[in-house]
Amino acid sequence: MTYNSPLSDGRAADLAAALAATDPQTVLDIGCGWGELLLQLLAAAPAATGIGVDTDPRTLARGRANADDRELTSRVAFLEGQAAELASGPADVVLCIGSSQAFGSNADALRALYPLVRPGGRLLFGDGIWERPPSAELIEALGGKDGTTDLAGLIDHAISAGFRPLAIGSATRAEWEQFESGYLADWEEWLVRNDGHPEAAAVRGTADAHRDRWLRGYRDVLGFSYLILGRPA
Ligand SMILES: C[S@@+](CC[C@H](N)C(=O)[O-])C[C@H]1O[C@@H](n2cnc3c(N)ncnc32)[C@H](O)[C@@H]1O
């Protein structure tokens, strides 16, 4: 998987270009994972330096290796730790994609992110939304009530936190299908090669259960928004 969210190359390029056009000097990526969009933004904004923060050392190692491959090592640092403790601002651009849980609910995250964005700066906020009202079973299967809203409700939270919505987008079905297929691909490729392996039944069960949760559960109900939010100067 190139991105750890339902994000196409085209949307990623558009988002990086829109943020680079603000001529950022500093970029902060909260829950960066391997920081693919952070690296694309740094490539598009040659004056910028970036910091990515994540708790997962394996994804951070992948980010550092990718930075090295693209000769961006001198302009980016991948830090291991809790976002709420390590992230310090304000930065010209803050990215928080699929990582709002680092602060609690999405409303909690938007409030916590506001002071990390320089006045006049931008927040790219990528987060789950309901495209259709979820069933009680689906909410339970996804881990219980967590404050997820529809897109309009998420914009309300952003405005309440002090931001203005500059660009509003949400993942397409094709982006979800690419993301979910990518998520399943390692298991499925392994199963095709290792049908008689003693662990095949367990791997098959894991992959089948995940695919079922998606296709019979949250497909077309759970969405994912990409908001470019501006902090008024
Ligand atoms: C869905 S992934 C998204 C990664 C990345 N933003 C991307 O779009 O590819 C969520 C990331 O948040 C990180 N994360 C979760 N809780 C965190 C916390 N409290 N502090 C820092 N990172 C956290 C996870 O380790 C994971 O890499």
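The values are calculated or read from the model by the stated rules, or taken from the named source; none is laboratory data. Here the structure is a predicted model, which means the values were calculated and not measured. Counting neighbours? That spans all protein chains shown, and the Cβs are built from the backbone with ideal geometry, glycine included. Surface areas here come from the heavy atoms of the whole protein model, side chains and all, with no ligands, DNA or RNA. Shrake-Rupley method; radii C 1.70, N 1.55, O 1.52, S 1.80 Å.
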**Message:** Testing Gly104 on (1) on the phi > 0 side of the Ramachandran plot; (2) near the ligand (Cβ under 8 Å from one of its atoms); (3) surrounded by fewer than 16 Cβ atoms within 10 Å (Cβ to Cβ), one condition comes back false. Which one is that?
**Reply:** (2)
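Which is out of contact with any strand residue (DSSP E or B) (no Cβ under 6 Å at 6 or more places or on another chain), small (Gly, Ala, Ser) and surrounded by 12 or more Cβ atoms within 10 Å (Cβ to Cβ), of Gly205, Gly143, Gly147?
Gly147 is the lone residue from the list that is out of contact with any strand residue (DSSP E or B) (no Cβ under 6 Å at 6 or more places or on another chain), small (Gly, Ala, Ser) and surrounded by 12 or more Cβ atoms within 10 Å (Cβ to Cβ).
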**Prompt:** Restricting attention to segment 57-107, and to residues there that are touching a residue at least 24 places away in the same chain (Cβ under 8 Å) and among the charged types (D, E, K, R), which single residue is farthest from Ala233 (Cα to Cα)?
**Reply:** Arg62
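Might you let me know whether segment 196-209 holds any residue that is modelled with pLDDT under 95 and small (Gly, Ala, Ser)?
yes
Scan segment 5-27 and tell me whether some residue there is among the polar types (S, T, N, Q) and buried (at least 20 other Cβ atoms within 10 Å of the Cβ).
Yes, segment 5-27 contains a residue that is among the polar types (S, T, N, Q) and buried (at least 20 other Cβ atoms within 10 Å of the Cβ).
Please determine, by comparing only the residues of segment 41-54 that are within 11 Å of the ligand (Cβ to nearest atom) and not aliphatic (A, V, I, L, M), which one is most open to solvent (accessible area, probe 1.4 Å).
If we take residues in segment 41-54 being within 11 Å of the ligand (Cβ to nearest atom) and not aliphatic (A, V, I, L, M), then Asp54 is most open to solvent (accessible area, probe 1.4 Å).
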**Prompt:** Failed condition for Leu229, given (1) closer than 30 Å to Arg118 by Cβ; (2) without any contact (Cβ under 8 Å) to a residue 40 or more places away in the chain; (3) not in a helix (DSSP H, G or I), with all others met?
**Reply:** (2)
